[in-house]
Amino acid sequence: MDKLIINGGKELFGSVDIGGAKNAAVAILPAAIMASENVCVIDNIPEIEDIQCEERIMESLGCKITRVKDSVTIDSTTLVNLNANTEDVRNMRASYYLIGALLGRFKKARVDLPGGCPIGVRPIDQHIKGFEALGANVKIEHGTVIVETDRLIGTNIYFDVVSVGATINVMLAATLAEGTTVLENAAKEPHVVDVANFLNTMGANIKGAGTDVIRITGVEKLTGCNYSVIPDQIEAGTYMIAAAACGGCVTVNNVIPKHLESISAKLVEMGAEVIEQDDSVTVKSNKTVKGVNIKTLPYPGFPTDVQQPMSTILCTAKGRSIINESIWESRFKHIDELKKMGACVKVEGRVAIIDGVSKLTGAIVKATDLRAGAAMVIAGLIAEGTTEVTSIEHIDRGYPHIENKFKALGADIRRESM
Ligand code: EPZ
């Protein structure tokens, strides 16, 4: 077990390169299972634990996977095992994409229920509703989702909630269904579009991804292809917030600025300067920011995955901020850790009321989940004195080389074994 030791108070200067989007990559890898001919060569795959976990799962099913730096080659023609039942499957969230992918290609699968960050109840009823509408029999027995059918038939599916996971999962299965499927009230996140683009490159016929109506005309088979994953909107947002919090001038490279608009707009409202270039954004700040109100929403609204890093910077902003977390009911666990550092925050259900204090002070704090971990790192960077962040295996699940990237920007941060 490792921990991060941070001596706070350093301004950040320079540039940081953003990796491929975790939440796109963790769907694109299982989607590659659907190629019954040729290999998929996928570039810009981030070097994070969630991806390694997924690679192990896919190998346990019989896929052949090789990696050279951020490029992963997947041969799914050798896949023989339709039972995903390892501990890795139960530990990560995105393993549920194996259900849609295996159902699409083989018309059956047995996949253990997924794990993931403890941020709320996280039901999969909308995934199941979609699979059933396509004609699959779905049951859950002893913690395993069992799906099977002779045929998948395209149909109209209206999602009761906007769900990234259900949109992608049902899209996977519908890609190899007979006829046309229309997904309504679909999620519009950039990673939904990226998965659709990947499937189309493999031979699928998907239109409308990025809007709330996605039309999928089933095809008979998919074949391997070359693809490159989009940049990680959430990793980029985390470094932008860190720059605004610490003060200095940081250019965040390899991003799609359009995907960052809601974050950029809030940082500007807080008093930071955000300059957009073609594929980078520069954040300049003199550390003094003012409080703002935020409501997390599905894309293009403010992303819930950036809420925790954002609430950290608001702890030392001038005045009061109110955060309304509308996606996950338990995404304020990091607030107790911030309070150990002197933050003044009151949580009432899904609302956090933050009264800015003049400074945070270093303490031993825990990464209670992935983005909470990033929030703790930012807290350590702005705090007076030394902060130790423990349970950083959560951070390693989603942020590649976080300490090296911050060190290169001038932060005093190091990893130590506990
Ligand atoms: C994805 O989770 C992301 N994970 C999450 O990122 C992200 O917070 C979330 O989307 C929202 O953007 C991955 O992509 C692996 P949802 P997902 O289905 O797909 C409710 C991170 O930090 N819902 O969009 O599981 C659900 O309870 C992670 O990188 C149902 O009610 O989220 C929630 O309130 C954490 N029934 C809302 O919908 C369902 O069947 C949105 O969930 C499915 C979801």
Taking the highest mean first, how do the peptides 142-149, 97-104 order by number of other beta carbon atoms within 10 angstrom per residue?
97-104, 142-149
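For the chain, what mean projected area does the convex hull of the alpha carbons give, in nm²?
17.9 nm²
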Karplus-derived 3J(HN,Hα), 6.51/-1.76/1.60, for each residue of the range 150-158, Hz, glycine and proline x
7, 9, 9, 10, x, 7, 8, 10, 9
Relative contact order (%) - the range 1-106, alpha-carbon pairs under 8 angstrom, separation at least six:
29 percent
Distance between Cα centroids, the range 4-35 to the range 166-192: provide it in whole Å.
25 Å
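Rounded if a/c is under 1.5, else prolate if a/b beats b/c, else oblate: with a ≥ b ≥ c from the C-alpha gyration tensor eigenvalues square-rooted, which is the range 120-188? Walk me through the numbers before you get to the answer.
On the way: a/c = 2.22, a/b = 1.05, b/c = 2.11.
It is oblate, given that a/c is not under 1.5 and a/b is not larger than b/c.
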For the range 259-315 versus the range 339-400, the gap between their alpha-carbon centres in whole angstrom
17 Å
If you place +1 on the Cβ of every Lys and Arg and -1 on the Cβ of every Asp and Glu, how big does the dipole about the Cα centre of the range 22-228 come out, in debye to the nearest 20?
260 debye
Listed residues I353, L409, I378: farthest to the positive end of the dipole of the chain (Cβ charges)
I353
Would you mind calculating the relative contact order of the chain from Cα pairs under 8 angstrom and at least 6 residues apart, reporting the percent as a whole number?
21 percent
Before rounding to the nearest 500, sum -39500 (n - 2.57) across all DSSP H runs of length at least 4 in the chain and divide by the residue total; then give [θ] at 222 nm in deg cm²/dmol.
-9500 deg cm²/dmol
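Go through 151-163, 235-247, 280-292 and give me the packing order, highest mean Cβ count within 10 Å leading.
Details: 151-163: 16.5, 235-247: 27.8, 280-292: 19.0.
Going from most to least packed, we get 235-247, 280-292, 151-163.
Counting only heavy atoms of the protein chains, get the accessible area per residue of the range 191-246 (1.4 Å probe) and round it to a whole Å² value.
Working: 1740 Å² over 56 residues.
So the range 191-246 comes to 31 Å² accessible per residue, rounded to a whole number.
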To test your reading of the geometry: what angle, between 0 and 90 degrees and rounded to tens, separates the Cα axis of helix 190-201 from the longest principal axis of the chain?
30 degrees
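Which order do the peptides 342-349, 372-379 come out in when sorted by mean C-beta neighbours inside 10 angstrom, highest first? Don't jump to the answer; show the numbers that get you there.
Values: 342-349: 14.8, 372-379: 30.0.
The most tightly packed comes first, giving 372-379, 342-349.
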Degrees between helix 22-31 axis and first principal axis of the chain (Cα, 0 to 90, nearest 10):
10 degrees
Taking the Cα centre of the chain as origin, work out the dipole magnitude from +1 charges on Lys and Arg Cβ and -1 charges on Asp and Glu Cβ, in debye rounded to 20.
720 debye
Relative contact order, percent, the range 22-228 [alpha-carbon distance under 8 Å, six or more residues apart]
22 percent
Once you sort the root eigenvalues of the Cα gyration tensor of the range 22-228 as a ≥ b ≥ c, which label holds: rounded (a/c under 1.5), prolate (a/b larger than b/c) or oblate (the other case)?
rounded
Helix 261-270 sits off the longest principal axis of the Cα atoms of the chain, rounded to the nearest 10 on a 0 to 90 degree scale, by 10 degrees
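The values are calculated or read from the model by the stated rules, or taken from the named source; none is laboratory data. The structure displayed is predicted, hence computed values, not measured ones. With ideal geometry, Cβ positions are generated from the backbone for all residues, glycine too; neighbour counts draw on all protein chains shown. Heads up: the accessible areas ignore ligands, DNA and RNA and are worked out on the full protein's heavy atoms, side chains in. Shrake-Rupley method; radii C 1.70, N 1.55, O 1.52, S 1.80 Å.
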